[in-house]
Amino acid sequence: MVEFRVLGPVEVYSDDEPVHVGGVKQRSILALLIANRGQVVSADRVVDEVYGEDAAAGARRSVQSIVSMLRRDLGDVIVGGGEGYRFEAPRDMVDGYRFEDLVAAGIDVLGDNPSRASSLFSDALDLWRGDPYGDVDGRGVFQTEGARLTELRFTALEARIEADLACGRHRQLVAELEALVTGFPLRERLWAALMLALYRVGRQADALAAFQRARTVLG
């Protein structure tokens, strides 16, 4: 099975073996198509997004050549469509889309089955290897998509903590939450979770101290 990984450096694996897809321009074009899965991306847009101001007169031909090589190496997951190209791999072949689906499934069961939700959120978070689309070129699409996925990662993390609290795992969470509020002090839900975990393990004074710290940081 072929797997496309974008939750970190862009990588392709086939049966758990890495597939070489070329240099940064090749990976950038593949990543752009993956980020727009199911939509036709025009050759002009590929040139604009990936080459930008560095686009030479032959950039469009270069794109055609790169896409031909990608199709040769990766098969029919990339197809021609009108004036451009379309990435058509199933969602479960791309870690970014698999992550989104796991988060959505976790949110669906969070209220009724927090243990199952925690497992789904954990599976989603385990897919991350670094900054999404972390080693490709683009004029803005990857920054925007990376920011969206990173915010969803925080949503998954905070929801997993909520599920663990609902399962009574307060003591196990305290150290993790202390580290998280230190690393991400503006995440209000993390402060709230820390205060609740401390209170429920009988550390009321520490919970009050956390409240005072949060009020200072958050204003």
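The values are calculated or read from the model by the stated rules, or taken from the named source; none is laboratory data. Everything numeric here is computed off the predicted structure, so don't read it as measured data. Counting neighbours? That spans all protein chains shown, and the Cβs are built from the backbone with ideal geometry, glycine included. The protein model used for the area step is the full one, side chains on, heavy atoms only, and it has no ligands, DNA or RNA in it. Shrake-Rupley method; radii C 1.70, N 1.55, O 1.52, S 1.80 Å.
When the chain is treated as a GNM with alpha-carbon contacts under 10 Å, the residue of 134, 52, 23 showing the greatest mean-square fluctuation is 23. Seen against the Cα atoms of the chain and their longest principal axis, helix 170-183 is set at about 60 degrees. Have a look at 175, 163, 124 and tell me which one the Gaussian network model of the chain (Cα, springs below 10 Å) gives the largest fluctuation. In the Gaussian network model the winner is 175.
The stretch 108-127 and the stretch 1-74 have their alpha-carbon centroids 32 Å apart.
Here the 3J(HN,Hα) profile of the stretch 200-207, calculated from phi with Karplus coefficients 6.51, -1.76 and 1.60 at θ = phi - 60°, is 6, 9, x, 9, 4, 5, 5, 5 Hz, Gly and Pro shown as x.
In the stretch 115-219, Cα pairs under 8 Å separated by at least six residues give a relative contact order of 23 percent. GluC sites (Glu not before Pro) within the stretch 74-183: which are DSSP loop residues with at most 11 other Cβ atoms inside 10 Å? Qualifying residues, ordered by number: 83. Distant-in-sequence amide contacts of residue 94, defined by a placed amide H-H separation under 5 Å and a gap of 5 or more residues or a different chain, comprise 4. Estimated from the Cβ-Cβ distance and a Förster radius of 25 angstrom, the FRET efficiency linking residue 127 and residue 201 is about 0.25. Highest GNM mean-square fluctuation, the chain, Cα pairs closer than 10 Å: which of 15, 135, 76? With Cα springs under 10 Å in the chain, the top fluctuation among 15, 135, 76 is at 15. In a fully extended conformation the segment linking residue 14 and residue 1 would gain 4.1 nm over its present Cα-Cα distance, using 0.36 nm per residue. Count Lys and Arg as plus one, Asp and Glu as minus one, and take only other residues whose Cβ is under 10 Å from that of residue 1; the net charge is then -4. With protein chains left intact and a 1.4 Å probe, residues in the stretch 42-172 average 50 Å² of accessible area per residue. The relative contact order of the chain comes to 21 percent, based on Cα pairs under 8 Å that sit 6 or more residues apart.
Relative contact order for the stretch 165-219: 35 percent, from Cα pairs under 8 Å spaced at least 6 residues apart, divided by residue count. Compute the whole-percent fraction of alpha carbon pairs in the stretch 1-160 spaced more than 29 Å apart. Percentage above 29 Å: 22. Quote the FRET efficiency, to the nearest 0.05, computed for residue 25 versus residue 144 with a Förster distance R0 of 25 Å and r equal to the Cβ-Cβ distance. It comes out at approximately 0.80.
Once the Cα-Cα distance is subtracted from the 0.36 nm per residue extended length, the residue 107 to residue 167 segment shows a gain of 20.1 nm.
For the chain, the fraction of 1.4 Å probe accessible surface lying on carbon and sulfur atoms is 49 percent. The angle between the Cα long axis of helix 141-166 and the longest principal axis of the Cα atoms of the chain comes to about 30 degrees, rounded to the nearest 10. A cut-off of 5 Å between modelled amide H atoms, ignoring neighbours fewer than 5 places along the same chain, links residue 19 with 12, 13, 14.
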